[in-house]
1. What is the spin-label model distance, in nm, from A:ILE441 to B:HIS228 if the labels are put 7 Å beyond Cα along the C-beta direction?
2. Tell me the mean residue ellipticity at 222 nm calculated for chain A from its helices only (DSSP H runs of n ≥ 4, each -39500 (n - 2.57), averaged over every residue, nearest 500).
3. Below 22 Å, Cα to Cα, which lysines can A:LYS383 reach? Residues fewer than 8 away in the same chain don't count.
4. Considering chain B as a Gaussian network with a 10 Å cut-off on Cα pairs, which listed residue, B:SER140, B:SER23, B:SER155, attains the greatest mean-square fluctuation?
5. Between A:HIS103 and B:SER91, what is the FRET efficiency for a Förster distance of 51 Å, r being their Cβ-Cβ separation, to the nearest 0.05?
6. Whole-Hz ³J(HN,Hα) for each residue in region A:468-482, computed from phi via Karplus 6.51 cos²θ - 1.76 cosθ + 1.60 with θ = phi - 60°, x for glycine and proline: what do you get?
7. Where in region B:8-25 does the amide nitrogen come within less than 19 Å of the point 7 Å from the Cα of B:SER78, taken along Cα to Cβ?
8. Using +1 at the Cβ of each Lys and Arg and -1 at the Cβ of each Asp and Glu in the protein assembly as shown, identify which of A:ILE290, B:MET90, A:PRO109 lies farthest towards the dipole's positive end.
Amino acid sequence: MPHLSLDTELIDQARTRARNIAVQVWEQVSSYTTTTVERATLRLFGVDGVNDQGVPLPNVVVDHLHKKGMLGKGAVYPVANAMRFHGITAQEVALRVAGGSLHLDGVPPGDEGAVTELAHSLAEQACAAIQAKREEKNKLVERLGMGEPPYLYLIVATGNIYEDIKQAQAAARQGADIIAVIRTTGQSLLDYVPYGATTEGFGGTYATQENFRLMRRALDEVGEQIGRYIRLTNYCSGLCMPEIAVMGALERLDMMLNDSMYGIIFRDINMQRTFIDQFFSRMINAYAGIVINTGEDNYLTTADAYTQAHTVLASQFINEQFGLLSGLTEEQMGLGHAFEMDPDMEDGFLWELAQAQLVRQVFPTSPVKYMPPTKYMTGNIFKGHVQDALFNVTSVVTGQTIHLLGMLTEAIHTPLLHDRYLSIENARYIFNNMRHLGEEIEFKPGGRIQKRANQVLCQAAAMLMEIEAMGLMQAIGRGMFADICRFPEGGKGLSGVVPKTADYYNPFTELMLSGKLGGR
Amino acid sequence: MQAEAVRVKPYGDSMNDGMVQLSFTLPLPLSEVAQEAARRLAEQMGITEASVVHREDLGQGFSFFILYGRCTHWVDLSQIAVTRAEYTVMSKDEIDNFIGQHFGRKLTFIGACIETDAHTVGIDAIMNMKGYNGHKGLESYHQINAINLGAQVSSEELAGRAIRHHADALLVSQVVTQKNVHLANLTRLVDMLEAEGIRERIVLVVGGPRITHELAKELGYDAGFGPHTYAEHVASFVVQEMVKRGMK
């Protein structure tokens, strides 16, 4: 692989600052829970389905507790208490609450030790179920293999899960390694997870547990036929991050888009809510062996890719530290960046190479996620195909891991069947033809690429120093990421943030992190 | 008086050869029959000497074809009337001066990607300080109070904001569309503004890669802007339209 001479002390320093930034946030929010964290916990206890109004039962129970001012203790304890008192399952508790025949504040308090023991054993069962899925995957990967990086990551986005399946299977046959089912526009702002198989959506398909299951089965099927394990990705983002993490863990998803700041910046979701939710969701992703993908590439669709390149690197450092605090390993963090420089810029390709190589070296074991050009795609599909080719070259030369396939029809429509074919053909041609080019390259000492990479690193380190001093929430308020300002009391979802009481109980934090919270 | 017909057809390497290229997928496994089906389809589109120059099996019972052929149709230019927004393009400074002279106050422009659309590339290019391709965005205009609401803003919310901020202009962006959902989105907003009784008090424009002025007018907008539009185009139109309508 090519190699840049970088100031390693500066990298260490940046990492330490990012860690301090993440810990500061964690200390500010760890005394709160959220409605979706509690719903996710109930889902792990087996609560699923909807009431006669179509409201998901986890929402019914959590809203019931919230209304009665009982959520500060967490949903687990009152539900386990009711289970024990009536001798019923968590699902039956939820059904009775939904039917109005059970009020959780009216259940006589049972023996505390016995209630927590019951809750603990149920939580252990949930953990065992997730571990079983993880092992099932490991066996499949061992038997079928996974292709070689850069892994081709393709999206399907028809709105109809059954059409998505056809397109995903076709894409896998054409060479895709990873299939992402794009979510319907607007799902990130729903404060519940829709239920069942769905056939309507705009620009994507609802993330539901049943849709996850259907797509998983379809990819397993095609994987067996072509002799390659096809990985499935969805979006663990928005107002229901933790619940989607649970669904993904139970249905054997392999990757999740899961960023610590994306929802705050691009969806105007309240930052306290997001920081709490991302922590819990990442903990589940970590435990399930899911690789997360972060969303720094999005900054560059708003901010300039050349002048703001250091904000991407700074955010990657922060995302990495949030991830480590939640129990993720470096191998589970697909830190994101993108090929978004203005094609009219002289030497733009050199700066893209410098950035890609810089990210690769600063995060050597992370399965870095590299996103294709979108901002400067025009509708000229012929030029777009060439832009994608340059992106493909950069990716294979610098050894990026997760390669989101560029589409020549970007900026026109969601990909048609043959758009995807042509784009896969482009990438496979370049990857194969240039497979070991990176090993033959040395960057000229003191040359343009080396200088550029070091400049971006210096700027990122300086930015982290500034953020460390003011705090991350303040930094977001000043528009330091993507030129967009957000404030701690603003945005959607703040009403779902609840202070934990002294007797708050949630067995999963202990079971899943097994005391390694932040490795501190 | 009848205008004289001016006929035109595509050019490949000699006048009126009618050369066109075409590519599409058929829901058929690749076979000689599928290829002949592709060729006949092109002929029915008015393409003679259609030839399949490339074919590919896409799997799952689909095949892809690239074809060349000669278009038999002509277009008569004398029959074409293109509608476009009527305005004179001014520079940023000229626009600021124009607002100072005609209104004597700052104008408020609210921009948003409405309803299902999550892609802010277009509205950001027009609104954000740095603009796009060296053309500064509306936030940099001294006489314009530019409010960018970002993505997935509902029509209700946009109408509410228009009232609250006494907006002079609404700039709506629709970038990504699927199954023509952008048309429904755009119509919904117009209905909402009319229901709120504020449509007449506002200059309403829409932009996006699939938007033409003609389409915009049809949907009840004052103007539509396609690709290659910069902030000064939109602002020039809005301020001149305001003067034309006697808005103060």
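The values are calculated or read from the model by the stated rules, or taken from the named source; none is laboratory data. In this text the structure is predicted, and so the values were computed from the model without any measurement. Because the Cβ atoms are built from the backbone with ideal geometry, glycine has one as well, and the counts that use them run over all protein chains shown. The protein model used for the area step is the full one, side chains on, heavy atoms only, and it has no ligands, DNA or RNA in it. Shrake-Rupley method; radii C 1.70, N 1.55, O 1.52, S 1.80 Å.
1. Those two pseudo-labels are separated by 3.4 nm.
2. After summing the helix terms and dividing by the residues of chain A, the value is -17000 deg cm²/dmol.
3. A:LYS375
4. B:SER23
5. That gives a FRET efficiency of 0.15.
6. So the J values, rounded to whole Hz, are 4, 5, 9, x, 5, 4, 4, 4, 5, x, 8, x, 6, 10, 6.
7. Under cut-off, by backbone N: B:8-9.
8. A:PRO109
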